[in-house]
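Heads up: the structure comes next, in C-alpha cells.
The values are calculated or read from the model by the stated rules, or taken from the named source; none is laboratory data. Computed from a predicted model, the values in this text were never measured in an experiment. Every residue, glycine as well, gets a Cβ built from its backbone with ideal geometry; the counts of neighbours run over all protein chains shown. Ligands, DNA and RNA are excluded from the accessible area calculation, which covers all protein heavy atoms including side chains. Shrake-Rupley method; radii C 1.70, N 1.55, O 1.52, S 1.80 Å.
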Amino acid sequence: AASRAERVVTDAISAVAPQGLRFVGGRLVLNTDRGETYFAELSDGERWPIVIDMAAEAMPEHALLVVPQAAWQDLDPESRAAVARRCRERKVVMLTAEASEGELRAEEVQI
C-alpha cells in the first residue's frame, strides 16, 4: 500500500514537475549532477526555481503567483529569466519583492 501511495504522489508531482521530482522511500528526490539527491538537501537557489516552476505550471492562466522575497533573492540571473519565461508562457503574473534602498517601484523582469 505504501509503494502504491508513493506512486500516486509521484504521478501527481510529475504532472507539474518536469525535473523528475518523485518520492522514493517516503522522501522527495530528484536526479542532479550529484546523482539521486533528496530535495531537502538542495540549496535554496536549487530548490526555489523548481518550486516556482511547478507553481506556475499548476496555476490557471491569468493567475497571480506570489513569491516570497527570500525565494527571489536566492535566484541567479539565469534562474530569474527562466522563471519569468515560464510565467509569460503560462500567462501567470508573478509578484515578488527585492530589498533595495530608495523608493518603492514596480518593474517587469526583462528576459
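Yes/no per residue for (1) in contact with a strand residue (DSSP E or B) (Cβ under 9 Å, 6 or more places away or on another chain); (2) surrounded by 14 or more Cβ atoms within 10 Å (Cβ to Cβ); (3) not in a helix (DSSP H, G or I):
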{"position": "Val16", "(1), (2), (3)": "no, yes, yes"}
{"position": "Asn31", "(1), (2), (3)": "yes, no, yes"}
{"position": "Ile52", "(1), (2), (3)": "yes, yes, no"}
{"position": "Glu57", "(1), (2), (3)": "no, yes, no"}
{"position": "His62", "(1), (2), (3)": "yes, no, yes"}
{"position": "Ala70", "(1), (2), (3)": "no, no, no"}
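I'd like the full set of residues that are over 19 Å from Val83 (Cβ atoms) and open to solvent by less than 80 Å² (accessible area, probe 1.4 Å), limited to the stretch 33-45.
Correct list: Gly35, Thr37, Ala40.
So which pairs qualify, if the first residue must be in the stretch 87-110 and over 17 Å from Asp74 (Cβ atoms), the second must be part of a loop (DSSP other than H, G, I, E, B), the Cβ gap must be under 6 Å, and the two must be at least 6 apart or on different chains?
Lys91/Glu61; Lys91/His62; Val92/Met59; Val92/Ala63
Just give me the residues in the stretch 63-110 being within 14 Å of the chain's Cα centre (by Cα) and acidic (Asp, Glu), in sequence order.
Residues satisfying the conditions are Asp74, Asp76, Glu78.
Out of everything in the stretch 73-91 that is part of a helix (DSSP H, G or I) and in contact with a Phe, Trp or Tyr (Cβ under 8 Å, 6 or more places away or on another chain), what residue ends up being least open to solvent (accessible area, probe 1.4 Å)? Steps first, answer last, please.
Going residue by residue through the stretch 73-91, those that are part of a helix (DSSP H, G or I) are 73, 77-90.
Remaining after also requiring in contact with a Phe, Trp or Tyr (Cβ under 8 Å, 6 or more places away or on another chain): 79-80.
On the way: Ser79: 23, Arg80: 49 Å².
Among residues in the stretch 73-91 that are part of a helix (DSSP H, G or I) and in contact with a Phe, Trp or Tyr (Cβ under 8 Å, 6 or more places away or on another chain), the one least open to solvent (accessible area, probe 1.4 Å) is Ser79.
Can Glu46 be described as charged (D, E, K, R), at negative phi and more than 11 Å from the chain's Cα centre (by Cα)?
no
If only one of Ala5, Ala1 is open to solvent by less than 70 Å² (accessible area, probe 1.4 Å), more than 17 Å from Glu98 (Cα to Cα) and not acidic (Asp, Glu), which one is it?
Ala5
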